[in-house]
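Novice: Pasting a structure here, questions to come.
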Amino acid sequence: MTEVASGNGEYIIRRAMVDEIDILVGLRLFMFQAMGFDDEAMLHRVGEACRDYFGQHLPTGQFQIWVAEAESVVIASIGLVMHSIPPSPKNLVGKEAYLMNLVTLPEWRHRGIARGLLTRVLRILREEDIPMVSLHAAADGRRLYEDLGFMVLENVPEMILKLKS
């Protein structure tokens, strides 16, 4: 579904296509660089791994990406990973959603584009009766997420173990 949004210029929000993998990988690498990761050799390896992952998972829908496009150029993206889990009393549909890769090119920031992408994906998740969505927020994105109702939960029983650094 394509929709037109406005706010200091017009852009469209649409599902990314498999033939845009190079653009999508470029946005992901840009995001890592903006976060201060500057090891070029590792970024190259990450880029190749992302090409493989996107090529495998975009066609199946296990990984979905929406993009914002203006002036025939992709200017922002958001990724969604859907996990299938056994249903439970709190999750009868047996699906969990994880948002990632919300990135906007610098010259297009502060125009509501990230909010538009995020709002679109949240609407889709609500339509599919997904009970909860999670994400990891960078400091500069936290306010947007909080404005849309995301919260940091204390005493969450989730634990992690790093198996490889």
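The values are calculated or read from the model by the stated rules, or taken from the named source; none is laboratory data. Since this is a predicted model, take the numbers as computed values, not measurements. Methodologically, a virtual Cβ is constructed for each residue, glycine included, from the backbone with ideal geometry; neighbour enumeration extends over all protein chains shown.
Novice: Would you mind stating whether ALA49 is surrounded by fewer than 17 Cβ atoms within 10 Å (Cβ to Cβ) and in a loop (DSSP other than H, G, I, E, B)?
Specialist: no
Novice: Sticking with this one: Counting only residues that are closer than 11 Å to PRO131 by Cβ and over 21 Å from the mean Cα position of the chain (by Cα), which one in the range 83-99 is modelled with the lowest pLDDT?
Specialist: My answer is LYS90.
Novice: Same structure, new question: Given the options VAL74, VAL4, name the one that is at pLDDT below 95, touching an Asp or Glu at 6+ places or on another chain (Cβ under 8 Å), among the hydrophobic types (A, V, I, L, M, F, W, C) and closer than 20 Å to ILE113 by Cβ.
Specialist: So the residue among VAL74, VAL4 that is at pLDDT below 95, touching an Asp or Glu at 6+ places or on another chain (Cβ under 8 Å), among the hydrophobic types (A, V, I, L, M, F, W, C) and closer than 20 Å to ILE113 by Cβ is VAL4.
Novice: I need the full set of residues from the range 58-82 which are free of Cβ contacts under 8 Å to residues at least 12 places away in the same chain and either surrounded by 13 or more Cβ atoms within 10 Å (Cβ to Cβ) or at positive phi (or both), in order please.
Specialist: Matches in the range 58-82: GLU71, SER72.
Novice: So in the range 139-165, with the set limited to residues that are modelled with pLDDT under 85 and small (Gly, Ala, Ser), which one is surrounded by the fewest Cβ atoms within 10 Å (Cβ to Cβ)?
Specialist: Ranking the qualifying residues of the range 139-165, first place goes to SER165.
Novice: Tell me which of these GLY116 doesn't satisfy, since it passes every other one: (1) under 26 Å from VAL73 (Cβ atoms); (2) surrounded by fewer than 17 Cβ atoms within 10 Å (Cβ to Cβ); (3) in contact with a strand residue (DSSP E or B) (Cβ under 6 Å, 6 or more places away or on another chain).
Specialist: (2)
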